[in-house]
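Visitor: To start, I am sharing the structure in question, which I have written as C-alpha cells.
The values are calculated or read from the model by the stated rules, or taken from the named source; none is laboratory data. Computed from a predicted model, the values in this text were never measured in an experiment. Quick reminder, even Gly has a Cβ in these numbers, built from the backbone with ideal geometry, and neighbours come from all protein chains shown. Quick note on the areas: whole protein, heavy atoms, side chains included, nothing else; ligands and nucleic acids left out. Shrake-Rupley method; radii C 1.70, N 1.55, O 1.52, S 1.80 Å.
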Amino acid sequence: MRFYEFDTDHHDYYALIAADTPEEAERIYQNEIDDAIDDLMPHEVSLDQAAEILLEADDLADFHDELVEKEKLVLKGEDDARTIVIDSNLL
C-alpha cells in the first residue's frame, strides 16, 4: 500500500489516498472526491509523511509521538481505519 497526496495547488480538493498505484489513487479521487476531467497529479508520500499529515489535520501536537505510531498502524491496516475529510480552506 502506498499513499498519494492531491494538493490544492493542482486540484480543487485536497486528498490523501491509500492505494497500490497512482492510477488507482486517481480513480478513487475521481470517484469519491471530485470527478475532475483535467490531468490529476498525485504525489506519493511515505508512511511517516502520511501519518504526519493526519496528525497535523487533527491538531493534536501534544500527543505527537503516540499518534504518529497509531496512524502508522492504521495506515498499514493493523488497526481500525478512519476517514478524515478536511476543507482545504482550513489547511
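Visitor: Residues 36, 57, 61, 19: which one is aliphatic (A, V, I, L, M) and at pLDDT 75 or above?
Guide: Step by step, each of 36, 57, 61, 19 is checked, and only 19 is aliphatic (A, V, I, L, M) and at pLDDT 75 or above.
Visitor: Just the residues that are loosely packed, with under 12 Cβ neighbours inside 10 Å and among the hydroxyl-bearing types (Ser, Thr, Tyr), please, taken from segment 22-46.
Guide: 46
Visitor: Okay, moving on. Would you mind telling me which numbered condition in (1) outside any helix (DSSP H, G or I); (2) open to solvent by 60 Å² or more (accessible area, probe 1.4 Å) residue 11 fails?
Guide: So the condition that residue 11 fails would be (2).
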